[in-house]
Amino acid sequence: MKKFSLVRLFIFVVCTVSLAAFFEAGRKIAHEQTFSHVIYSVGSLLVFLLSLLILGYWVYSEEKEKNNLKIRFGLYEWIYERFLNKVKGIQK
């Protein structure tokens, strides 16, 4: 059974709320027919994509540690190798 992590729960909530904020900003843009909410829309989209990237990386790293990867993803592989080297450097 996986351990419960408050950090992962927090990132999941941030991801969900930012996606809702993105759609809300789009609705306001369409309703008011102005671009006054574009910055809010772009900001919430960037937060959503970043949090989704973090969640995806956690799944990727867990599957890599189990040797259960079906497809290698270059960006996650690069992050994994950099993070792994930094962790090994700290432990030495």
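The values are calculated or read from the model by the stated rules, or taken from the named source; none is laboratory data. Computed from a prediction, not measured in an experiment: that's the story for all the values here. Here Cβ is always computed from backbone atoms with ideal geometry, including for glycine, and neighbour counts include all displayed protein chains.
Given the residues 14, 42, which is the only one that is hydrophobic (A, V, I, L, M, F, W, C), under 27 Å from residue 75 (Cα atoms), within 12 Å of the chain's Cα centre (by Cα) and part of a helix (DSSP H, G or I)?
None of the other options fit; the residue is 14.
Looking at this structure, is residue 28 surrounded by 13 or more Cβ atoms within 10 Å (Cβ to Cβ), out of contact with any strand residue (DSSP E or B) (no Cβ under 9 Å at 6 or more places or on another chain) and of a type in the set (Lys, Arg)?
Judged against the criteria, residue 28 is a match.
Within segment 6-25, how many residues turn out to be among the aliphatic types (A, V, I, L, M) and surrounded by fewer than 13 Cβ atoms within 10 Å (Cβ to Cβ)?
Within segment 6-25, residues that are among the aliphatic types (A, V, I, L, M) and surrounded by fewer than 13 Cβ atoms within 10 Å (Cβ to Cβ) number 5.
Specify which of the listed residues (81, 77) is at pLDDT below 95, surrounded by 12 or more Cβ atoms within 10 Å (Cβ to Cβ) and in a helix (DSSP H, G or I).
Of 81, 77, the one residue that is at pLDDT below 95, surrounded by 12 or more Cβ atoms within 10 Å (Cβ to Cβ) and in a helix (DSSP H, G or I) is 77.
When segment 31-74 is examined, which residues are found to be farther than 21 Å from residue 9 by Cβ, crowded, with 16+ Cβ neighbours inside 10 Å and of a type in the set (A, V, I, L, M, F, W, C)?
Once the filter is applied, which keeps residues that are farther than 21 Å from residue 9 by Cβ, crowded, with 16+ Cβ neighbours inside 10 Å and of a type in the set (A, V, I, L, M, F, W, C), segment 31-74 yields only 45.
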